[in-house]
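Here, each number is a calculation from the coordinates, and none is a lab measurement. Given the structure is predicted, the values throughout are model-derived calculations rather than measurements. Because the Cβ atoms are built from the backbone with ideal geometry, glycine has one as well, and the counts that use them run over all protein chains shown.
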Amino acid sequence: MSVPLLLLIVLALGLAGFFAGRMRALSVAGGDLRNLHSLPGFYGWSVAILASAPAILVMVIWIAVQPIVIDRSVSAMIPETAISDGSTRDLVMADVRRIAEGLDQAVAAGALTPDGASNIRAGLSDVRGRLAEVGVALGANVSSESLRAAQSYRSGLAAGRLGMTAVVLALALGGLGYGLARITPRFRARNTVELAVRMGLILCSMIAIATTVGIVLSMVFETVNFFGQYPWQDFFFGIEWSPNFRGNSSLGVLPLLWGTMYVSAIALSVAVPVGLFSAIYLSEYAGPKFRAVVKPAIEVLAGIPTIVYGLFALITVGPLLRDYIAQPLGLGDSGSSVMTAGLVMGVMIIPFVSSLSDDIINAVPQSLRDGSLALGATNSETIRQVILPAALPGIVGAVLLAASRAIGETMIVVLGAGAAARMSLNPFEAMTTMTVKIVSQLTGDTDFAAPETLVAFALGLTLFVITLALNIVALWIVRTYREQYE
Amino acid sequence: MNDMRLMERSAMTNDVKISASQVQVFYGESHAIKDVNVDILDKTVTAFIGPSGCGKSTFLRCLNRMNDTIDICRVEGRITLDGEDIYDREVDPVQLRARVGMVFQKPNPFPKSIYDNVAYGPKIHGQVRSRDELDEVVEKSLRRAALWDEVKDRLSAPGTGLSGGQQQRLCIARAVATSPEVLLMDEPCSALDPIATAQVEELIDELREQFSVVIVTHSMQQAARVSQRTAFFHLGNLVEYGETGQIFTNPGDPRTESYITGRIG
Ligand SMILES: Nc1ncnc2c1ncn2[C@@H]1O[C@H](COP(=O)(O)OP(=O)(O)O)[C@@H](O)[C@H]1O
Ligand SMILES: [Mg+2]
């Protein structure tokens, strides 16, 4: 039975369980609802959940685990000798899977009988030719080991599907029966449903966490691989970045880290003053009408795709800076520069700073403003001496969040700052960042075993750790700040 | 309440500190204060009483122009401080507020150290020339607010960490530190427990020696305990104003009498 059909059946059983449960609750109550612990609907739900939830859960786990089990047992059937030089076990397994698929299609197209597909022998018939007839092209002749493995792969799949259908249906029916059987007037269906809802919520939050953990683990795995081939000292302390796919690369992270920090610093030195001052103006001086127009307008900046900012940097800001500042001052003649990317990125993160700061400044109690004004302070004295100090931790949090946004930015850097890894103090020179190099190391013809490719994961993990640390610090500051007002 | 004692009370002086005539206050369209005329005396505690929403706070905030900070609020009429019109265009509200201090209903210490809270006013007004002088002002103000002994060992601790009653006394010290001539207090004890209330009331009585104090309160006992003069507001009108003893024992207006005896609230 196919998975969607099975799912449909389980859900139908759940629905039936709902109505049956409700009816049974009404009948055990003898027509008087006050005899029941819960409303009839809760009894219905308790049965529906019991009938469908465990069955679906088992189905999901089965689908996840089955390929692993089958792969392992089939892979064990292939002897080392069957793996030719220059090939790997993984490649052979990929072949086996293609053959199995081909056999399936052949059966579906009527070129083979189901029995024939299971019994066909490589030596006796031209498997490659017969599969080609039904449109499955194989790269090489089918060896008898591969064919036998494919056949056992198919039978494993079939057995697995049958087993899954049986187990899932049994669970659904069993749940339905048990759910109905336990309905008595005193059964606390409402509490049971409550518990089930809570479980569901926990499950969802677990998925988010598990995904994060999965991402980190895959990065860690590849990074460990990388450090197996490239010394970590050279990576973390190397000041040269020159990947070379023929080997002998220098993969020092420092030039990239420098570029990342330089661009982010310029971006922040644009975004923090502009964002903060506009937040102060909006929250402390602007009238409600002005605020209603300007605040959303600033937030629009955050919605512009970064590639559009990148284009703006490439065709407008870059040439402008080059022609009017860099060349006259003799600081270089590069159209792409750290300054270009930093300025444009700064504009992009203005709304992060201004919007969050605005919220934080607004959260400072009015009573503090009144207290300061009543002592004869002016508006700006009040802002400088009372409001900003009170809001400072929150503002620092906002700035750190903006910083992690700047550090992770890629598009603006590619188009604005270029792709040359360089450690220079001149802001009008092209430099590049870690994110850009991650992309460039992973695009094109790549060999996932070479350190030149794997270094992307080490860069990614380093970046992840940096932004994570920034976020943790930001959250910690914001939380400390929250405790200040009751 | 001991009526004989109330009758004996009288204002210390008869100098008029603040004089208000024909004051009207509007919040947008709504007319919150109507035709109020009142003379507030120097070195006297004046209590504003009345049912809530009758405009006590609104009128109090006219006296240091805090209503200027509310966009929709409009004040008409004439209010003078030492004979000088405080709504005159020449008068800087910021300067005025240094002369007319204010303590709010809820203690609102700044999230700064106790020392910095008190030093805030003198610093922004440039009233002190040296650190020593500032130390002196801070100590004097805290002493005057009867808080010095409790905080002298932790002046650098945050003011927000004090108890409610201590915070309110800190706010009083903060207001006193700019050496104002008038101290406005808007229900300064409503967020305090009885013990802290008693401390603050005692303090108010001492402050009278130096300042003219105006206190809004909804507790008639408190008005009777701390004030020499009482003004009764009702629906935006000043119904009756006179010696506290007089108002409480022999009110001239039936509305005052109903309020004092608890029939309007
Ligand atoms: N900021 C404001 N905006 C609009 N109306 C206000 C504002 N403050 C007070 N009012 C109105 O003015 C009237 C007097 O209020 P208030 O002076 O606070 O009274 P009290 O202090 O005597 O309780 C009330 O009707 C109140 O609703
Ligand atoms: Mg009030």
**Percent of Cα-Cα distances greater than 18 Å, calculated over the stretch A:213-265** = 45 percent
**Request:** Round to the nearest 0.05 the FRET efficiency obtained for A:Thr446 and A:Ser155 when R0 = 45 Å and r is the Cβ-Cβ distance.
**Result:** 0.75
**Message:** What do you get for GluC sites (Glu not before Pro) in the stretch B:179-265 restricted to DSSP loop and a cutoff of at most 12 other Cβ within 10 Å of the site's Cβ?
**Reply:** B:Glu209
**Request:** Starting from one equal scatterer on each C-alpha and no solvent at all, send me the Debye-based log10 I(q)/I(0) for the stretch A:310-412 at q = 0.18, 0.19, 0.21, 0.24 Å⁻¹, two decimals.
**Result:** -0.83, -0.87, -0.97, -1.13
**Prompt:** What FRET efficiency would be calculated for the residue pair A:Ala363, B:Glu209, taking the C-beta separation as r and a Förster radius of 45 Å, to the nearest 0.05?
**Reply:** 0.65
**Asked** Taking every residue in A:256-267, how many Cβ atoms of other protein chains lie within 10 Å of its Cβ, on average?
**Response** 0
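My understanding is that a pair violates if its Cα-Cα distance is over 21 Å; which of B:Lys34/B:Lys56; B:Lys56/B:Lys123; B:Lys112/B:Lys140; B:Lys106/B:Lys152; B:Lys56/B:Lys112 do that in this structure? It would help to have the intermediate numbers written out before the result.
Values: B:Lys34/B:Lys56 12 Å; B:Lys56/B:Lys123 31 Å; B:Lys112/B:Lys140 19 Å; B:Lys106/B:Lys152 23 Å; B:Lys56/B:Lys112 30 Å.
Pairs exceeding the cut-off: B:Lys56/B:Lys123; B:Lys106/B:Lys152; B:Lys56/B:Lys112.
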**Item:** Distribution of pairwise C-alpha distances over the stretch A:124-188, 10 Å bins, in %
**Value:** 17, 25, 18, 14, 12, 9, 6
**Asked** At q = 0.13, 0.14 Å⁻¹, what is the log10 ratio I(q)/I(0) for the stretch B:14-260, with the Debye formula run over Cα points and no solvent?
**Response** -0.80, -0.92
**Request:** Report, in cubic angstrom per residue, the convex hull volume of the C-alpha atoms of the stretch B:168-254.
**Result:** 106 Å³
**Message:** If I take the Cα coordinates of the stretch A:108-223 and project them onto the principal axes, what are the three extents in Å, biggest first?
**Reply:** 70, 47, 22
**Fill in**
Once amide hydrogens are built 1.01 Å from N within the peptide plane, the residues lying 5 or more places from B:Ile33 or on another chain with amide H under 5 Å from its amide H are B:Val25
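Dividing the Cα radius of gyration by the Kirkwood radius, what Rg/Rh value follows for the stretch A:241-485? Kindly include the intermediate steps, with their values, before the conclusion.
Working: Rg = 20.8 Å, Rh = 19.6 Å.
That ratio equals 1.06.
Sorted from largest to smallest, which semi-axis lengths in Å does the alpha carbon gyration tensor of the stretch A:31-110 give for its equivalent ellipsoid, taking the root of 5 times each eigenvalue? Write out the running numbers ahead of the final one.
Working: eigenvalues 533, 52, 11 Å².
Working through the eigenvalues yields semi-axes of 52, 16, 7 Å.
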**Message:** Modelling each spin label as a point 7 Å along the Cα-to-Cβ direction, I'd like the B:Gln24/B:Gln221 distance in nm, to one decimal.
**Reply:** 4.1 nm
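If I take R0 = 45 Å and measure r between the Cβ atoms of B:Ala157 and A:Arg291 in this structure, what FRET efficiency does the formula 1/(1 + (r/R0)^6) give, to the nearest 0.05?
Numbers: r = 37 Å, r/R0 = 0.82.
The formula returns an efficiency of 0.75 here.
Mind checking the full-extension length gain between A:Gln327 and A:Asn379? Use 0.36 nm per residue of separation minus the Cα-Cα distance, one decimal, nm. Working shown, then result.
Values: separation 52, 0.36 × 52 = 18.72 nm, distance 4.38 nm.
My answer for the length gained is 14.3 nm.
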**Prompt:** What aspartates and glutamates sit close enough to B:Lys17 to cross-link, taking a C-alpha to C-alpha distance under 15 Å and skipping anything fewer than 8 places away on the same chain?
**Reply:** B:Asp39, B:Asp42, B:Asp82, B:Glu84, B:Asp85, B:Glu181, B:Glu209
**Item:** Neighbouring partner chain Cβ atoms per residue of B:104-116, average, 10 Å criterion
**Value:** 4
**Complete:** Of B:231-237, A:333-339, ordering from highest average Cβ density within 10 Å down gives A:333-339, B:231-237
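So what is the orientation-averaged projected area of the protein assembly as shown, using the convex hull of its C-alpha atoms, in nm²? Write down the numbers at each step before the final one.
Details: hull surface 211.7 nm².
One quarter of the hull surface, i.e. the mean projection, equals 52.9 nm².
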**Asked** Taking a label point 7 Å from the Cα of A:Leu7 along the Cα→Cβ vector, which residues of the stretch A:27-65 have an amide N closer than 18 Å to it?
**Response** A:49, A:51-65
**Fill in**
Each residue of B:89-97 has, on average, a number of other protein chain C-beta atoms within 10 Å of its C-beta equal to 2
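When DSSP assigns beta bridges and you keep just the ones with both residues in the stretch B:128-265, what percent turn out antiparallel, to the nearest 5? Can you show the working numbers first?
Details: 6 of 11 bridges.
About 55 percent, rounded to the nearest 5.
Sort B:Tyr115, A:Tyr281, A:Tyr43 so the one with the fewest other Cβ atoms within 10 Å of its own Cβ comes first.
Numbers: B:Tyr115 19, A:Tyr281 15, A:Tyr43 33.
Listed from fewest to most nearby Cβ atoms, that is A:Tyr281, B:Tyr115, A:Tyr43.
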**Item:** DSSP bridge orientation in chain B - percent antiparallel, rounded to nearest 5
**Value:** 60 percent
**Prompt:** If only Cα atoms are counted, what is the Rg of the stretch A:3-187, and what is its Dmax, in Å?
**Reply:** 24.4, 79
**Complete:** Once the mean of 1/r over all distinct C-alpha pairs in the stretch A:372-486 is inverted, the Kirkwood radius in Å reads 17.4 Å
**Asked** For the stretch B:127-171, what value does the Rg/Rh ratio take when both radii are computed over Cα atoms and Rh is the Kirkwood radius, given to two decimals?
**Response** 0.99
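Looking only at trypsin sites (Lys or Arg not before Pro) in DSSP loops with at most 12 other Cβ atoms within 10 Å, what is the longest site-free stretch of chain A?
Looking at chain A, A:247-486 is the longest stretch - no exposed trypsin sites (Lys or Arg not before Pro) with at most 12 other Cβ atoms within 10 Å.
Based on the Cα gyration tensor of the stretch B:1-158, what are the three equivalent ellipsoid semi-axes, each the root of five times an eigenvalue, rounded to whole Å and given largest first?
Working: eigenvalues 194, 99, 57 Å².
So the equivalent ellipsoid measures 31, 22, 17 Å along its semi-axes.
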**Message:** Which trypsin sites (Lys or Arg not before Pro) in the stretch B:21-98 sit in a loop by DSSP (not H, G, I, E or B) and have at most 12 other Cβ atoms within 10 Å of their own Cβ?
**Reply:** B:Arg89
**Message:** For the stretch B:118-265, I need the span (max minus min coordinate) of the C-alpha atoms along each principal axis, in Å, sorted largest to smallest.
**Reply:** 56, 29, 24
**Item:** Average Cα contact separation per residue, the stretch B:14-260, under 8 Å, 6 or more apart, as relative contact order %
**Value:** 28 percent
